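K.L.:
First, the structure itself, so that you have it in front of you.
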């Protein structure tokens, strides 16, 4: 689980802090130069956080971790051995700390304060059951275990089922700074997220409506969802897929690129294996006629295709055009014919006939003279 970066929906990583609507789990030996705010915050060994840590619920910080500022906990807090806090620790519930814990800014705890090396829960139950069996109180063991696990299951179902879908998982050895988000494994980003910094991972897959102010560098595929905005370049040794209405204010360098027809790329696209365009499934276009001037006149088909496979001939649509193929058109223009009376037309026909006859007589007279 702690090999991939999982960013839930509506997560914001801006210039100073990381804000998550659910829980936060940070793997061992990770470095985070931000403040962290979430419901429950769990950190592994050797984690370094430069900013504040705010947990609305519980928090657990394992041994050798360093907090560079204040830590605020809404319920209970556990601090492992050799944990150091540069700021102030505020706990609304109980505080359980190990040995050699350093809190430079002081602490305030409204519940119980226990300084010890806590026994793991499983070991505690084992010792408890063994002691009860030695005393011969088997009925009390069953009753205690039944009440314990029934309550824990109810609390788990009512409280953690909903936030479980919104967990920010930062894998082991991750480096997150305002300049770069560097992950050793894959990165999966949810919907409506806002991130600042260059993202480096083995492969990157994002949801919709992402705003990333930085570039993406990946050894594998890069999949960008719909309606996203990337203020940087995309570089991959595999394939890059760009979703609908996504804008990339930079260039793309990959083995191949699949670009939606409604997406936009401002920079240069370099893809040795080719660039492909993805189009949505279009509806069947309506039939149309084109008149002599090139104007398209739509024509709808009212009757569907019959089941027997026979098609009816569509009705002929008359197209009004200034250009006519027939000289007898009423509204057309024919040179020498408009505005002439019947008598004028008859005289013209007689003149043409008489002229042909005179030419024929002259030709015959010339032959007799020769």
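K.L.:
For residue 96, all conditions in the list (1) over 25 Å from residue 15 (Cα atoms); (2) assigned to a loop (DSSP other than H, G, I, E, B) hold save one; what is the number of the exception?
P.N.:
(2)
K.L.:
Within region 1-19, can you find the residues that are touching a strand residue (DSSP E or B) at 6+ places or on another chain (Cβ under 8 Å), assigned to a loop (DSSP other than H, G, I, E, B) and surrounded by fewer than 22 Cβ atoms within 10 Å (Cβ to Cβ)? Full working, then the answer.
P.N.:
First pass over region 1-19, keeping only residues touching a strand residue (DSSP E or B) at 6+ places or on another chain (Cβ under 8 Å): 1-2, 4-8, 11-19.
Next, only the ones that are assigned to a loop (DSSP other than H, G, I, E, B) stay: 1-2, 4, 8, 11, 14-16.
Selection gives 1, 2, 4, 14, 15, 16.
K.L.:
Go through the residues of region 264-272 one by one and say whether even a single one is under 17 Å from the mean Cα position of the chain (by Cα), loosely packed, with under 15 Cβ neighbours inside 10 Å and over 18 Å from residue 218 (Cβ atoms).
P.N.:
To start, the set of residues in region 264-272 that are under 17 Å from the mean Cα position of the chain (by Cα) comprises 264-265.
Add one more test, that the residue is loosely packed, with under 15 Cβ neighbours inside 10 Å, and what stays is 264.
Right, trim to over 18 Å from residue 218 (Cβ atoms) and you get 264.
Yes: one or more hits.
K.L.:
Looking at region 20-37 only, could you name the residues that are in contact (Cβ under 8 Å) with a residue 40 or more places away in the chain and outside any loop (DSSP other than H, G, I, E, B)? Quick ask: steps written out before the conclusion?
P.N.:
Going through region 20-37, the residues in contact (Cβ under 8 Å) with a residue 40 or more places away in the chain turn out to be 20-34.
Within region 20-37, 23, 24, 25, 26, 31, 32 qualify.
K.L.:
Now for a separate question. When residue 277 is evaluated against the numbered criteria (1) surrounded by 14 or more Cβ atoms within 10 Å (Cβ to Cβ); (2) free of Cβ contacts under 8 Å to residues at least 60 places away in the same chain; (3) not in a loop (DSSP other than H, G, I, E, B), which criterion, by number, is the only one it fails?
P.N.:
Among (1) surrounded by 14 or more Cβ atoms within 10 Å (Cβ to Cβ); (2) free of Cβ contacts under 8 Å to residues at least 60 places away in the same chain; (3) not in a loop (DSSP other than H, G, I, E, B), the lone unmet condition for residue 277 is (1).
K.L.:
With 87, 111, 51, 46 as the choices, which residue is part of a loop (DSSP other than H, G, I, E, B) and surrounded by fewer than 17 Cβ atoms within 10 Å (Cβ to Cβ)?
P.N.:
Numbers: 87 fails: surrounded by fewer than 17 Cβ atoms within 10 Å (Cβ to Cβ); 51 fails: surrounded by fewer than 17 Cβ atoms within 10 Å (Cβ to Cβ); 46 fails: surrounded by fewer than 17 Cβ atoms within 10 Å (Cβ to Cβ).
Checking each option against the conditions leaves just 111.
K.L.:
Can you report the number of residues in region 1-27 which are at positive phi and in contact with a helix residue (DSSP H, G or I) (Cβ under 7 Å, 6 or more places away or on another chain)?
P.N.:
Result for region 1-27: 0.
We did not get these values from a lab; they are worked out from the coordinates using the rules stated. Since we're looking at a predicted model, the values are computed, not measured. Every residue, glycine among them, receives a Cβ derived from its backbone with ideal geometry; neighbour counts consider all protein chains shown.
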